Amino acid sequence: MEIKIATWNVNSVRARLPVIIRWLNKEQPDVLCMQELKATNEQFPFDVFENLGYHCQVNGQVRWNGVAIISRLPISDVETDLSGFLPEQKRMISASVHGIKLINVYVPNGGEVSNPRFQEKLEYYQVLRNYALKFNKPTIILGDFNVAPNDIDTHSPEEQNGSICFHPLEREEINLFHSAGFTDVFRKLHDDEKAFTWWDYRAASFRRNRGMRLDLVLVNKAAENLITSCVIDKAPREWEKPSDHTPVIFVFKVSE
DNA sequence: ATGGCCGGGAAGCCCGGA
């Protein structure tokens, strides 16, 4: 049996609802992890997704942030507390689906490198890593990491080096995930493909393909060899009223 | 060749995003 899982920063679940529905109908994922809901739990359109056959687990807040897991398979062991870190910012929801631990994250952007929020962003990676290491089962951290890990993951590495989402200190945090046993599965399966998941709304960035690969799927050793594919679906970035991010889809093979 | 956006909540602007 194969489970099709996706991650997508939708940039407002309410503004994006027609695009999300169209995409679910096209791709038929078993699980979709969403970030940047920009909605409270009360504002989340449960009925729409439930009518499409999805159970919904939501960690929302007013105006900013917010994450959700929707799944056609049963969801259990839901957690929304990331070790007590930044409790007022709803950026994480984890759950078990068919024996797999999914940790859905929206890492802080950090503002500018000079901003105090940048240090908070660096700390977020460390807290997330320690949180992920506590699960003794196939574990997948997926979502918007707000960093392009390497030169190949951004449009102009020389010009962007040191700026937000491509700072050496941020990229080093991704290396520390690797040291902790987590593999960037898209990069493992496509070692020389320059592919992006985000393009700025401004400056015709999508048409000029000035993007970054900010949305990652990191898997531990117990999960690594069970993933048979991982692709970036650029299609919904071309649709009317798109998110500035596009989905990353992977397939997980399970027994029975 | 170049680059001028988008969303929410409160209010007719501001903050945040990356």
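Values in this text are rule-based calculations from the coordinates and carry no lab data. Keep in mind that this is a model prediction, so the values were computed, not measured. Here the Cβ is made from the backbone with ideal geometry for all residues, glycine too, and neighbour counts use every protein chain on show.
Here are a few things to note about the model shown:
- Flag if A:F166 is within 15 Å of DNA strand B (Cβ to nearest atom) and buried (at least 20 other Cβ atoms within 10 Å of the Cβ): yes
- Only one of the listed residues (A:Q35, A:Q57) is surrounded by 13 or more Cβ atoms within 10 Å (Cβ to Cβ), of a type outside the set (D, E, K, R) and either more than 28 Å from A:N220 (Cα to Cα) or within 14 Å of DNA strand B (Cβ to nearest atom) (or both). That residue is A:Q35.
- Complete set of residues in the range A:122-163 that are buried (at least 24 other Cβ atoms within 10 Å of the Cβ) and in a helix (DSSP H, G or I): A:Y124, A:L128, A:D153
- If you go through the range A:100-121 and keep only what is surrounded by fewer than 23 Cβ atoms within 10 Å (Cβ to Cβ), among the polar types (S, T, N, Q) and closer than 19 Å to A:Q35 by Cα, you end up with just A:N109.
- Checking the stated criteria, A:V127 turns out to be more than 15 Å from DNA strand B (Cβ to nearest atom) and not acidic (D, E).
- Tally of residues being among the hydroxyl-bearing types (S, T, Y) and touching a helix residue (DSSP H, G or I) at 6+ places or on another chain (Cβ under 9 Å) across the range A:125-156: 3
- When restricted to residues that are more than 16 Å from DNA strand B (Cβ to nearest atom), closer than 26 Å to A:N11 by Cα and without any contact (Cβ under 8 Å) to a residue 40 or more places away in the chain, the range A:169-192 contains 2.
- Every residue from the range A:100-124 that is within 16 Å of DNA strand B (Cβ to nearest atom), in contact with a strand residue (DSSP E or B) (Cβ under 6 Å, 6 or more places away or on another chain) and of a type in the set (A, V, I, L, M): A:V105
- Single condition A:Q28 does not satisfy, out of (1) more than 15 Å from DNA strand B (Cβ to nearest atom); (2) among the polar types (S, T, N, Q); (3) surrounded by 21 or more Cβ atoms within 10 Å (Cβ to Cβ): (3)
- Test: A:V97 is more than 21 Å from A:K38 (Cβ to Cβ) and either within 14 Å of DNA strand B (Cβ to nearest atom) or aromatic (F, W, Y) (or both): no
- Every condition in (1) surrounded by fewer than 23 Cβ atoms within 10 Å (Cβ to Cβ); (2) within 18 Å of the chain's Cα centre (by Cα) holds for A:A222 except the one numbered (2).
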